[in-house]
Amino acid sequence: MKCDFLYRRNPEAASGNGWELVHLNNSISYNKLKDKETFAVSEGVKDLWLHNHYGTGMIDDRKKEELFLTINDKVFRYLSEATRKTLTVLSLFDCFSVSKALFMCPDADVPAILSSQEKNGLFLYLNRQTRKYFFFPLMKEFLQSEFQIWSEETQRQYLDKAAHWYYSMGSLPEAMRFASLAKNYELSLIILDKGTDSILLAGPRIYPADLLDHIPHDLMKKHMKTVLLMAYDLYFSELHAGYRRNMARIQRLELSLSGQTALTFLEGATAFNHLDTMTSLFAKVLEDIRKFHLEDQFIAPRLGFCCPSFLMMYHSTPGKLKEETEQLIEIQEICRRINRMPHNGTWALYFQMEYAFNTGHFSEAEDALSTLETTESYREDLSIQIRCLHYQAMLSYFYGDTASLKESRKKLHELMNTAQPFQALLARMSDESLEIILHSKEGGDRQNQAINSSMFYFPALTFLHIVEDERLVHPGNGRTLLASARRHEKLARQRRSLIGEIHALLHQAIACDMLHENAQCLEAMEKALRLAEPDHLIIPFLTVKNRLASRWAHLKASPASSLLKDIMDSRFESVGQILEKEIHLDQLSKKLTAREMGIIRLVMKGRTNKEIAAEMNVAEITIKKALSLIYKKLDIKNRAQLVGMFKEK
């Protein structure tokens, strides 16, 4: 008889009559067992062994329930109470060290229990490199089902203990998760206050969206700064019902001066893209902080929303780009003063760089980036470094400098390893757009590169939507692209993102061009041009110029506008255009035979037909005929065009 899973009598059981489940494949062999000491699990034993070691997804609920009953009846109930309790508590974790186990179960002989269970091999195993214990997936699920039948009070006790462990270790996201499960609202607020950047303002929410609903009024008043940041989080996560509900609760409270000031800031922040209102309310907050000495009781969230481009989010009115840039400089400076950060002009220079780039003044943008790199803030603030690397990469893209673009991406990847969570999200988003530029032109699979949009606040989604539409630009995808771009145009208009609206219109034009809907293509291009003309927003058009090459001459523009002329006159050969040419050339080259490619290589070396014929040991007329066929295959007319085509290659 052969089996992989069996019972045997467990001499260590308290009664001496217990049974234990044994994994033969990693703990014991047959010949060590005596007759009548063992019997096999009825059926599916190998599947159960595999599922226990590698996962639980394929075992059906009925079979799983039967196995859990068997484990409890034959093994678990015969373990000592301390062992059962220790294993059940530790199943809260994906992995654990001895020190974590001692913290969670101080009254148990943890080292002895873990050593015994690791030797037994049923419930857990030890990774000898990390010295951490892991439960087998099926056994972890069994133990968690045991935890669920404990009293609610006991469950909360251990969940709360786990939260305190992670809080003491500085693992705030995990601490937040366990504090929420334990319904320890005060600890939740303390963790959120300490981990604003890593929990509230970065990444997918790891606390329940309705957490604020459960916080009593006295705790809300005590932790008003954090409560208002949570309201900010709800608003920009587009959970507007929860935001309105809790704002009504907050406004009914008797707020302290600090609470009233924080509420004013929240009103300013949620006046998103109404820069006049934002500026006046933020200025009032700064005045009140100074007047009532509230410096230590308040923090202003960042304005960047993990998006590489501020102007993409905040430019909302045609003809006001310069004015809005100045307002953003003022708002950013007010926020820095609220957070007691010194004035050094770095952000003003950064915003001026964004303005110069978006309006096509590349030399000014380059000069600003060079100056930014010498500032102390650039060296100390990874957010500025990431944003500057993004624009350095984009300049490299328009200059056709593939090597520099790839170098900027390499630096972005290096920064991700040292960045805080919100900074890492910013770098991820930038890298996603650069990946599209390089990867898609090289013909790779773009569908696997998408970022989870739930990780970002809604202002940043405009950037992701542009990337999403760009990912859809490939032959045969016109209808899908058109539907997506129309939806994104509507969303950009709702967010008052003019640049997002322009990009969406240009993607609609590309889709219509693919579908041979000429009138609709020109209509979308002209609409985008009208929105961009007052501020000379040329960048969105340069990114698509080559794709709509046959359309520009048919556009109608204002006689006073120089934008269309500048688009048509631009001579930048971007990385995208270079890569597209290389792909096109590679596709043409596939039509050629190895012999024809050999002739082309000799032509590129400057050989005459007579010299090529001699080298290839054929008649000169044969080379002439071969070249005529090559010209026909490549759709060119003469030797000069052939040399021009393969020169860069």
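One table, with the values for the structure above:
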item	result
Sole residue being touching a residue at least 40 places away in the same chain (Cβ under 8 Å), touching a Cys at 6+ places or on another chain (Cβ under 9 Å) and aromatic (Phe, Trp, Tyr), chosen from PHE142, PHE135	PHE135
Those residues of the stretch 607-649 which are in contact (Cβ under 8 Å) with a residue 24 or more places away in the chain and more than 45 Å from the chain's Cα centre (by Cα), in sequence order	ILE623, ALA626, LEU627, LEU629, ILE630, ARG639
Members of the stretch 307-322 that are part of a helix (DSSP H, G or I) and over 18 Å from TYR350 (Cα atoms)	none
Answer residue from the stretch 252-264, given it is at pLDDT 90 or above and not hydrophobic (A, V, I, L, M, F, W, C) and is least open to solvent (accessible area, probe 1.4 Å) among those	THR261
Every residue from the stretch 622-635 that is closer than 14 Å to MET604 by Cβ and modelled with pLDDT of 85 or more	LEU627, ILE630
Restricting the stretch 477-499 to residues that are under 19 Å from LEU531 (Cα atoms) and in a loop (DSSP other than H, G, I, E, B), the residue that is most open to solvent (accessible area, probe 1.4 Å)	ARG496
Residue list for the stretch 109-119, filter: open to solvent by 20 Å² or more (accessible area, probe 1.4 Å) and at pLDDT below 95	SER115, SER116, GLU118, LYS119
Complete set of residues in the stretch 510-537 that are open to solvent by less than 10 Å² (accessible area, probe 1.4 Å) and under 13 Å from ASP566 (Cβ atoms)	LEU529, ALA532, LEU537
Filter result for the condition that a residue is within 20 Å of GLY195 (Cβ to Cβ) and either in contact with a His (Cβ under 9 Å, 6 or more places away or on another chain) or in a helix (DSSP H, G or I) (or both), over ASP213, ASP218, ASP233	ASP233
Residue in the stretch 232-239 that is surrounded by fewer than 15 Cβ atoms within 10 Å (Cβ to Cβ), under 28 Å from the mean Cα position of the chain (by Cα) and touching a residue at least 24 places away in the same chain (Cβ under 8 Å) present	yes
Test: residue in the stretch 483-498 that is of a type in the set (A, V, I, L, M) and farther than 24 Å from LEU426 by Cβ	yes
Flag if CYS388 is at negative phi, open to solvent by less than 10 Å² (accessible area, probe 1.4 Å) and either in contact with a strand residue (DSSP E or B) (Cβ under 9 Å, 6 or more places away or on another chain) or not in a helix (DSSP H, G or I) (or both)	no
Close pairs from the stretch 343-366: first closer than 13 Å to ILE384 by Cβ, partner β-branched (Val, Ile, Thr) and open to solvent by less than 10 Å² (accessible area, probe 1.4 Å), Cβ under 6 Å, at least 6 apart	PHE351/THR325
Neighbours by Cβ (under 9 Å, 6+ apart or cross-chain): first from the stretch 509-531, outside any helix (DSSP H, G or I); second open to solvent by 40 Å² or more (accessible area, probe 1.4 Å)	LEU515/ARG479
Output for the stretch 310-334, where each listed residue is closer than 17 Å to PHE236 by Cα and open to solvent by less than 10 Å² (accessible area, probe 1.4 Å)	PHE310, MET313, TYR314
Scan of the stretch 265-299 for residues that are in a helix (DSSP H, G or I), closer than 15 Å to GLN327 by Cα, open to solvent by 10 Å² or more (accessible area, probe 1.4 Å) and free of Cβ contacts under 8 Å to residues at least 24 places away in the same chain, ordered by number	THR277, SER280, LEU281
Qualifying residue in the stretch 420-429 (condition: open to solvent by 40 Å² or more (accessible area, probe 1.4 Å), under 26 Å from ILE329 (Cα atoms) and over 17 Å from the mean Cα position of the chain (by Cα))	no
Top-ranked residue of the stretch 135-189 - restricted to ones that are open to solvent by 40 Å² or more (accessible area, probe 1.4 Å) and of a type in the set (Phe, Trp, Tyr), ranked as farthest from THR86 (Cα to Cα)	TYR185
Leading residue by the ranking (nearest to LEU311 (Cα to Cα)) among those in the stretch 359-369 that are open to solvent by less than 30 Å² (accessible area, probe 1.4 Å) and assigned to a helix (DSSP H, G or I)	ALA365
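A quick yes/no check of all residues on (1) under 21 Å from ASN358 (Cα atoms); (2) modelled with pLDDT under 95; (3) more than 31 Å from the chain's Cα centre (by Cα):
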residue: LEU482; (1), (2), (3): no, no, no
residue: HIS488; (1), (2), (3): yes, no, no
residue: ILE502; (1), (2), (3): yes, no, no
residue: LEU506; (1), (2), (3): yes, no, no
residue: LEU531; (1), (2), (3): yes, no, no
residue: VAL544; (1), (2), (3): yes, yes, no
residue: HIS554; (1), (2), (3): no, yes, yes
residue: SER558; (1), (2), (3): yes, yes, yes
residue: SER562; (1), (2), (3): yes, yes, yes
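Residues are listed down the side, and each one gets a yes or a no for (1) assigned to a loop (DSSP other than H, G, I, E, B); (2) of a type in the set (S, T, N, Q):
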position	(1), (2)
LEU328	no, no
GLN332	no, yes
ARG337	no, no
HIS343	yes, no
TRP347	no, no
PHE357	no, no
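The values are calculated or read from the model by the stated rules, or taken from the named source; none is laboratory data. The structure displayed is predicted, hence computed values, not measured ones. FYI the Cβ positions are ideal-geometry reconstructions off the backbone, even for glycines, and counts take in every protein chain you see. Calculation scope for accessible area: heavy atoms of the full protein, side chains included, ligands and nucleic acids excluded. Shrake-Rupley method; radii C 1.70, N 1.55, O 1.52, S 1.80 Å.
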